Amino acid sequence: MIEMPLLSVEGLNKSFGRQPACRDVTFELWPGEVLGIVGESGSGKSTLLNAIAGRVGIDSGRVLYRTAADQIVDLATAQESQRRHLMRTEWGFVQQHARDGLRMDFSAGANIGERLMALGQKHYGNLRETALDWMQAVEIPPERIDDLPRTFSGGMQQRLQIARNLVTRPRIVLMDEPTGGLDVSVQARLLDLLRRLVQEYNVAVIVVTHDLGVARLLAHRLMVMRRGQVVEAGLTDQLLDDPQHAYTQLLVSSVLSV
Amino acid sequence: MTLQQDYAANAAQAPLEGYNFAFLDEQTKRMIRRAILKAVAIPGYQVPFGSREMPLPYGWGTGGMQVTAAVIGGSDVLKVIDQGADDTTNAVSIRRFFVRMTNVATTEKTRDATLIQTRHRVPETPLHEGQILVYQVPIPEPLRWLEPRETETRKMHALSEYGVMHVKLYEDISQHGHISTAYDYPVLVNGRYMMRCSPIPKFDTPKLHMNAALQLFGAGREKRIYAVPPYTDVKPLDFDDHPFEVERWPEACALCGSHDSFLDEVILDDKGGRMFVCSDTDYCGERQAAGHRGHMAAPYKDEAAE
Amino acid sequence: MDMIRVENLDKTFTLHLRGGVALPVLRDTSLSVMQGECVTLHGPSGAGKSTLLRSIYGNYRPQRGRILIRHDGELVDIASAAPRQVLEIRRRSLGYVTQFLRVIPRVSTLDIVAEPLLARGIADSAARERAAGLLTRLQIPEKMWGLPPSTFSGGEQQRINIARGFAADYPILLLDEPTASLDEQNRKIVINLIDDARRRGTAIVAIVHDADTRQAITTRLLPLQAHGVAA
């Protein structure tokens, strides 16, 4: 079997007015691969994530995705119906703030079941069963299935968001600072869980983070962004242990080691 | 009757001095009729229209009244109900308004009416071809509770992204053990558009399905008109293992003994006394006239006179 | 059969934060390692022993030269391989043992050791059995297996890392001070582990400061001078 990339981003450009946010970004993502995008705030990494997901339009470039049905779709020009369908099924998006990625007024079970219901699953018992399985997978006590996410801790909300995304077994999950607002001990647990789930479900991940520790632990490969440009890319340990670009060296040397 | 004759007849039934027939000017009526035609052509789709100020506040049925005003003709026989009753304030006010503005004949008999404006009920007596049922709608958008952005809900309608509607029903079951949504039950019209039935009890929801009458929905404040043409498929949402069900009552109507109608609970005293009676006053009265009796019914007039 | 072939390697570190000063560490370095050989890198501090080892692992990127690693029977240049290919080579052909364990929060000792086996598609029970065997051999008490090693002593963490490195039975092993902080008894155990692996045909490159250990495991010494020129 000849392996093909799952996603090929080619020459992606995006400006806000005269302010370029992504400049000629090109990369590939392979099945099961975890790609970290690092860089300081304002480097364009979140914009890139949103552009890939079609949440913001792009000025030029292509976002070629190979679907589960083995068709190549340019998400930048695809029919909106198809793009939205893919985002609900084969893609996931984990937001930094759980409140942006969850329905805070609906129970944990409903949050997990939503994507399945959107796909037309209409058996309450099965939906409930699936929700319970996923709560277990992300270490949320099953008896909280009918509780509202707002009664959950920050870490639990984030885990619920992950379950809500993974329930349709997506092939790509985009994550924007998934451990951002969490306490260090809570972060560790989430990172471990993410690592495990990514491995178990062989899902490809693009994770945006400014935390090089998170990048080291999660990502196979890194891209360093600065002022909208990818200044350096490579294997995670290569990039962190032998940084070549001046900016990468600055990033790596700025980390407090414990 | 030709259109010309119809206009002439309308003009002859001159309303109050200085007002056009049926209150709205002819241009406005045409605009609303165009919206209605589009709504009929695309069952369940919400057509925006330029809602006018009516001599009632929003929330009192201004949407329904504009639809009624746009379709009413001098030869129509009008029935107006509020929660099934012909004699409540809202129904009486609207009926009187149209009588003053059109001089049309009115009736309380569902069977005899050509045009029925309703708030929150569908008459028990089956409608027949040629009749028009106009619903007053407070909030037309079925997706509003899960998506506040109008641009997004329109997109969801355009792309038939309705799966998430089940989330609310899921919540019902998880919290109450059954689908507890009791009114304004979401339906799929003609296999395409998700629609709110206005706040009718879910008991009435099946009546929309394959109804012989034309059903028009007007939302004045939200400026939307939508329609279910005669004999259109209307399917309530449900789960495979929690199918759609209408409510049932432990008793029959205390006045007419009906087991098949929507019953209102009436509190009789402060000692727990209560009775159930039909919410549709016309239906209940007709049954009583036909000799049906509930356990608390007074003897019929004729019998009493003897 | 040669398992590693390093050809004319140059590695210079450019420190952009220090005004772009260039530190040449390896120059025209070459090395080849056969099956069943244990080549020990030897030289003063700063001669580039670790740099060479890390370059062979694909961790450092050289400016010039090739680093051919035998992978699935073919020699593949890890210096120019795509990241995915480097990971694949590491997963199946190339192991690297340092004295420092990179602790992953919440992952138990047994799982850390079994992970490389699982990554190679070995069944859960078999992987755990092999991991348990190695931990026993390295004298990690069974009651510690279920715990994450973050609170363990340096020597314990090092032995766990060694168990992890030897678990997958890579055809090529890179060892960076594997016995550095071990007591005499454990050092002997590790020496035996290395020897067993070599006898099975594993090609080994090692950095060992301790003279006794070096003596015990080395089949060939590669002296490195400053600037990494193989003498």
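The values are calculated or read from the model by the stated rules, or taken from the named source; none is laboratory data. Please read these numbers as outputs of a predicted model, since none were measured by experiment. A quick note on method: Cβ atoms are made from the backbone with ideal geometry, for glycine too, and the neighbour counts reach across all protein chains shown.
What the table below lists for this structure:
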| item | result |
| --- | --- |
| Any hit, segment A:190-204, residues being among the hydroxyl-bearing types (Ser, Thr, Tyr), assigned to a helix (DSSP H, G or I) and within 12 Å of chain C (Cβ to nearest Cβ) | no |
| Qualifying residues in segment B:137-186 (those that are among the aliphatic types (A, V, I, L, M) and over 16 Å from A:PHE106 (Cβ atoms)) - the one farthest from the other protein chains (Cβ to nearest Cβ) | B:VAL137 |
| Index of the failed condition, B:PRO206 passing every other in (1) over 20 Å from B:ILE116 (Cβ atoms); (2) under 17 Å from the mean Cα position of the chain (by Cα) | (1) |
| Criterion: in contact (Cβ under 8 Å) with a residue 12 or more places away in the chain, within 24 Å of A:GLN199 (Cβ to Cβ), surrounded by fewer than 18 Cβ atoms within 10 Å (Cβ to Cβ) and within 14 Å of chain A (Cβ to nearest Cβ) - qualifying residue of C:ALA132, C:ALA81, C:ALA114, C:ALA119 | C:ALA119 |
| Positions within segment B:26-71 being closer than 18 Å to B:PRO199 by Cα and in a loop (DSSP other than H, G, I, E, B), in sequence order | B:GLY44, B:TYR45, B:GLN46, B:TYR58, B:GLY59, B:TRP60, B:GLY61 |
| Any strands (runs of 3 or more DSSP E) falling wholly within segment C:140-230 and containing at least 1 residues that are over 30 Å from C:PRO62 (Cβ atoms), in contact with a His (Cβ under 7 Å, 6 or more places away or on another chain) and aliphatic (A, V, I, L, M) | none |
| Count of residues meeting criterion [assigned to a helix (DSSP H, G or I) and at positive phi] in segment B:173-228 | 0 |
| Wholly enclosed strands (runs of 3 or more DSSP E) of segment C:30-78 bearing at least 3 residues more than 16 Å from the chain's Cα centre (by Cα) and modelled with pLDDT of 95 or more | C:64-71, C:74-77 |
| Of the criteria (1) in contact with a strand residue (DSSP E or B) (Cβ under 9 Å, 6 or more places away or on another chain); (2) buried (at least 18 other Cβ atoms within 10 Å of the Cβ), which one A:THR179 fails | (1) |
| Filter result (small (Gly, Ala, Ser), more than 14 Å from chain B (Cβ to nearest Cβ) and surrounded by 14 or more Cβ atoms within 10 Å (Cβ to Cβ)) within segment A:123-166 | A:ALA137, A:GLY154, A:GLY155, A:ALA163 |
| Filtered residue count, segment A:25-46, keeping only those that are more than 14 Å from chain C (Cβ to nearest Cβ), over 16 Å from A:HIS245 (Cβ atoms) and not in a loop (DSSP other than H, G, I, E, B) | 2 |
| Residue satisfying condition, being surrounded by fewer than 17 Cβ atoms within 10 Å (Cβ to Cβ), at positive phi and either in contact (Cβ under 8 Å) with a residue 40 or more places away in the chain or of a type in the set (Lys, Arg) (or both), within set A:ASP24, A:ASP59, A:ASP70 | A:ASP24 |
| Failed criterion for C:LYS49 (all others in (1) within 14 Å of another protein chain (Cβ to nearest Cβ); (2) within 19 Å of C:THR98 (Cβ to Cβ); (3) of a type in the set (D, E, K, R) hold) | (1) |
| Residue match in segment B:38-46 (condition: free of Cβ contacts under 8 Å to residues at least 40 places away in the same chain and more than 25 Å from B:TYR185 (Cα to Cα)) | no |
| Long-range neighbours under 9 Å by Cβ, at least six apart or interchain, first residue of a type in the set (D, E, K, R) within segment B:224-243, second crowded, with 18+ Cβ neighbours inside 10 Å and assigned to a strand (DSSP E or B) | B:ARG224/B:VAL47; B:ARG224/B:PHE217; B:ARG224/B:GLY218; B:ASP233/B:LEU188; B:ASP233/B:VAL189; B:LYS235/B:VAL187; B:LYS235/B:LEU188; B:LYS235/B:VAL189 |
